[in-house]
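Visitor: Dumping the structure here so I can ask a few things about it.
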Amino acid sequence: MFQLPLRHGIFLPPFHPMEENPTQCIERDLELMGWLDKLGFHEAWIGEHHSAGWEVISSPELFIAVAAERTRSIRFGTGVISLPYHNPLMVANRIIQLDHMTRGRIMFGAGPGLLASDALMLGIDPNVQRDRMAEALDVILRLFRGEIVTEQTDWYTFVNARAHLLPYTNPHPEVAVVSAVTPSGGRLAGKYDLSMICVAATNPFGFDALDANWKIAGDIAAEHGRSMDPARLRLVGPMHIAETRAKAYENCKFGFERYLGYLNNNQPRFLPPAGADPAEWFVQQKFGVIGTPDDAIALIERLQAKQGAFGVMLQQAHNWADWAATKRSYELYSRYVMPRFSGDNVPRVESFDWCTAHRDELTEKRSAAARAMFDKHAAEQRARQAAATARPAKGREAW
């Protein structure tokens, strides 16, 4: 139905229960990057958080710098840098440096900041975060292009500011903005020709807003004489898969309820009714997948039916299962879900089906070839025997 090849990756907030060793949590996230790289995942987006206990990466840039050294081909994105918390020149310089250090494997994801607790610690009114993000993004894009910026706002001042090192990637790394329910992300993507990451694609409210926000982006892009490229649209959804649904649910007993508790501690919104199994309720509400590779395929096809073609499916990393089962989930996804959308197996299937359709003919040709070989061998044997019979015995001439 959709001709656009689908790429695959993860969106790593990350979520880690507070009873675990935080140093080992970060190390395990780095190990996950190596595992995804080995399995052929295309990209990983790393979050930035400063409060609430669970999401222990405060600098996606530092994490990416280490992860890039441990991997070969997977691309890394900041998912996302909360622009109101940083001086825009410093952000531009850090991304440019990472672009050089990774030889172009960096992507720049920008957002206003998700956790109100982060903003309040910095004395920032959450009501101004989206406006400040838009201001910072505009400046960063100009700095990426080598412009000299003199500008003053109520939260930063630039006097002949410039990036003295330009990006490794020409003209600059891919830039993405997040979109959830509100149209702010789509408006920026359309205005500046940016990629979009829909972080709530499987949330019913985010799902309902998918095509509307993409249309907003497209309409604004058209005002600037451009069109939006669906290959740069990314949808995020949580999933855990195993060989059977029963096994997947059993795996998720490890950490699913703690995950739900953290989300509700930040903002009560995932509240199963009394007596309901939280994981089963979560899946019934279509927030995500706990099941098999076929269930993961069905989710992606549902998103495609709603959105149309999009470029990347990002799994939300969550630690619902223990480490071994988590790695197995990504392996099953790589083996059975990715090929469904890449088209890699189409020529194999066509070749198999062609052989099936011509089976009788091929069988007869193989049999005929085998019979011909037996006949040839028999004829050669008879010829050798006849030659041996006709040859005079050794020494007979001397008589």
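Visitor: Under 9 Å between Cβ atoms, at least 6 apart or on separate chains: pull out the pairs that start in segment 271-283 with a residue that is in the same structural domain as LYS247 (by TED's automatic domain parsing) and closer than 17 Å to TYR249 by Cα and end on any residue that is at pLDDT 95 or above and basic (Lys, Arg).
Guide: These pairs meet every condition: ALA279/LYS253.
Matching residues to (1) touching a residue at least 40 places away in the same chain (Cβ under 8 Å); (2) surrounded by fewer than 20 Cβ atoms within 10 Å (Cβ to Cβ):
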{"site": "THR157", "(1), (2)": "no, yes"}
{"site": "ARG162", "(1), (2)": "no, yes"}
{"site": "LEU165", "(1), (2)": "yes, yes"}
{"site": "ASN170", "(1), (2)": "no, yes"}
{"site": "GLU174", "(1), (2)": "yes, yes"}
{"site": "TYR192", "(1), (2)": "yes, yes"}
{"site": "ALA201", "(1), (2)": "yes, no"}
{"site": "PHE205", "(1), (2)": "no, yes"}
{"site": "LEU210", "(1), (2)": "yes, no"}
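Visitor: Residues that are assigned to a helix (DSSP H, G or I) and acidic (Asp, Glu): does segment 342-349 have at least one? Explain how you work it out, then say what you get.
Guide: Initially, segment 342-349 is screened for residues assigned to a helix (DSSP H, G or I), giving 342, 346-349.
Subsequent filtering for residues that are acidic (Asp, Glu) retains none.
No; the residues of segment 342-349 include none that is assigned to a helix (DSSP H, G or I) and acidic (Asp, Glu).
Visitor: (1) assigned by TED's automatic domain parsing to the domain that holds GLY261; (2) at pLDDT 95 or above: which one isn't true of THR356, the others all being true?
Guide: It is condition (1) that THR356 fails.
Visitor: When the residues of segment 176-190 are filtered to those that are of a type in the set (Val, Ile, Thr) and not in a strand (DSSP E or B), which remaining residue is surrounded by the fewest Cβ atoms within 10 Å (Cβ to Cβ)? Steps first, please.
Guide: Initial filter on segment 176-190 (of a type in the set (Val, Ile, Thr)): 177-178, 181-182.
Narrowing the set further to residues that are not in a strand (DSSP E or B) leaves 181-182.
Numbers: VAL181: 17, THR182: 12.
Among residues in segment 176-190 that are of a type in the set (Val, Ile, Thr) and not in a strand (DSSP E or B), the one surrounded by the fewest Cβ atoms within 10 Å (Cβ to Cβ) is THR182.
Visitor: Does TYR192 meet the test of being closer than 29 Å to ASN203 by Cα, modelled with pLDDT of 95 or more and hydroxyl-bearing (Ser, Thr, Tyr)?
Guide: Answer is yes for this residue.
Visitor: Right, next: Considering only residues that are hydroxyl-bearing (Ser, Thr, Tyr) and surrounded by 18 or more Cβ atoms within 10 Å (Cβ to Cβ), which ones fall in segment 243-290?
Guide: TYR249, TYR259, TYR262
Visitor: Where in segment 234-291 are there helices (runs of 4 or more DSSP H), lying wholly inside it, with at least 2 residues that are modelled with pLDDT of 95 or more and in contact with a Pro (Cβ under 6 Å, 6 or more places away or on another chain)?
Guide: The helices (runs of 4 or more DSSP H) meeting that bar are 256-266, 278-284.
Visitor: Would you confirm, using the coordinates I've provided, whether ALA388 is loosely packed, with under 10 Cβ neighbours inside 10 Å and closer than 30 Å to ALA248 by Cα?
Guide: Judged against the criteria, ALA388 is not a match.
The values are calculated or read from the model by the stated rules, or taken from the named source; none is laboratory data. Everything numeric in this text was worked out from a predicted model, so none of it was measured. Cβ coordinates were reconstructed from backbone atoms using ideal geometry, including for glycine residues, and neighbour counts include every protein chain displayed.
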